[in-house]
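The values are calculated or read from the model by the stated rules, or taken from the named source; none is laboratory data. Just so we're clear, the structure is a prediction, and the values are computed from it rather than from any experiment. Quick note on the areas: whole protein, heavy atoms, side chains included, nothing else; ligands and nucleic acids left out. Shrake-Rupley method; radii C 1.70, N 1.55, O 1.52, S 1.80 Å.
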Amino acid sequence: MRLHPHYFVAPIATLSPWSTINAFSTTTAFSWSMRCRGWQPFFDEKDSDRLSSSMENCKFACQPSHKRKRDDFHLFASATSASIETEESEVERHRSRISSLQTTKNKADDATSKSTDISKTQANSSPSSTATTVATTSKQMKETVPTTWKQALIRFFFQEPGPPLVLLSILYFIMARITHSPLTPTDNAIFTLSILFWTFQEYALHKFVLHSKYHWIGKDIHRNHHEKPYFHVSIDPPALLLGWLFTVHLLLKMILPWNLCLTATVGYATAGLVYEWSHYIVHTKVRAPFHSSHGSHASEAGAVCMFQKSVANLFLQMRDNHMRHHLVDDGYWFAFSLPIMDDIFGSNPDVREVKKAQM
């Protein structure tokens, strides 16, 4: 049962103006409280007590003014004020409760929508993309960086298709040159010049093409190489190695006689294969060659000892130079096969000066 403020209109109409104002304030507060709590279907015990108190106040207000004493009037005013404050606190309590419930509901709806979006994305993903992702992840898990020279040799010449194919191509060009005509001093000069040309080309391509100021796909591929950890397996694909080799061979065939073309191709391809191996090996975790278990190079007399020390020093220089290029500043140290090229072209600054400039 709900009480409507209209029930009190008739009694209030018979009162004096001052009594009417007091009664109207009481019934208005009561009506406002009932409407705020109208969503509850039944009254509880607190509502019944509050209703009885409001009814008593209303009856008291409906009495003729000459029957009420001044003390009773003050008692009625304080009771009405307390009733209004109680109603306001109850309304605020229910408002805060409704607000907290709404917040909880919004969070639940957000979580449900996110889970639905994830399910839709997984359902819409194609099997091919899923297979590619799985293959890439498994490849990264299986990729191990060689730590010994035996592991490095097996990985380079027996587990990757590119280097063995280049080596077979070099052997083919050597056999073709030997069977064509006897070697001459000109062949020696052409062979040496082709190797020197490779070193200059290596520096120029690295600095002006792979680190170009202009955006192109080769720069993106090289940037991806820099973003990887320094120790990783870095071997170019066979399509790039063979495509580069035979393109250069055709260009040499256009400008040189056949015998010198074969010689130049052998020299250029050999320098390229040495570069590919050297770049691969300095990115592995192998120690310097001819390194004894006691931390020093193997001590042997004569030319063998000098050769071992030279190879070990060259390996250390290449690794140190390339690590500076990767880990300090990729704007310097572009040389690789011959680190002295950085000294010639002024790209070998002091590491402390470079780090100081970066701060």
- request: With all protein chains present, calculate the accessible area of ILE340 using a 1.4 Å probe and round the result to the nearest 10 Å².
  value: 100
Cross-link table LYS213/LYS355; LYS213/LYS285; LYS213/LYS309; LYS213/LYS356; LYS253/LYS309; LYS219/LYS285, entries beyond 28 Å C-alpha to C-alpha: LYS213/LYS285; LYS213/LYS309; LYS253/LYS309
query: Between MET323 and LEU242, what length comes free when the chain is fully extended (0.36 nm per residue of separation minus the Cα-Cα distance, one decimal in nm)?
result: 26.4 nm
query: How much of the accessible area of the range 314-359, probe 1.4 Å, is carbon plus sulfur, in whole percent?
result: 56
task: Enter the accessible area of SER337 (Å², nearest 10), with the probe set to 1.4 Å and all protein chains included.
output: 20
